[in-house]
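J.: Got a structure for you, questions after.
Laboratory data are not the source of any read-out in this text; all were calculated from the coordinates shown. What you see is a predicted model; the values in this text were computed from it and never measured. Reconstructed Cβ throughout: ideal geometry from the backbone, glycine too, with neighbour counts over all protein chains shown.
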Amino acid sequence: MSNSDPPITLYRLQACPYCERVVRTLQDLGLDYTSRFVEPMHSERNVVKRVAGSRPVPAIVDERTGVTMSESANVVEYLESTYGGGLVDAEGGDD
């Protein structure tokens, strides 16, 4: 990750309601992220499998905390508990 890249990468599909749920949470929390749109065919999502260990989306990689996960409910819970309560500085700076 270069210094200019956002620390969170979201792997997602176009028009996926589960992915949009994660996007809304990222936006509500004011988090910068990079969207990576992946192949709609589950068996062709090799990039997601490479980074997350399985192919379901949405999946995130958070370079700030070292967390990689998928499934929208899990991702939303993680984002809210990690960034919503101020446990990690959303701006990435030191407190």
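J.: Six or more apart or on different chains, Cβ under 8 Å: which pairs go from a residue in the range 48-67 that's farther than 15 Å from Tyr18 by Cβ to one that's among the aliphatic types (A, V, I, L, M) and surrounded by fewer than 14 Cβ atoms within 10 Å (Cβ to Cβ)? Could you list them?
T.: What qualifies is Glu63/Met1.
J.: Related question: Return only the number of the condition from (1) touching a Ser or Thr at 6+ places or on another chain (Cβ under 7 Å); (2) surrounded by 13 or more Cβ atoms within 10 Å (Cβ to Cβ) that Val38 does not satisfy.
T.: Single failed check for Val38: (1).
J.: Listed residues Val75, Val57, Val48, Val22; which is in a loop (DSSP other than H, G, I, E, B) and surrounded by 17 or more Cβ atoms within 10 Å (Cβ to Cβ)?
T.: Checking each option against the conditions leaves just Val57.
J.: Please specify each residue of the range 1-25 satisfying the condition of being of a type in the set (A, V, I, L, M) and within 14 Å of Val57 (Cβ to Cβ).
T.: Within the range 1-25, Leu10, Leu13, Ala15, Val22, Val23 meet the criteria.
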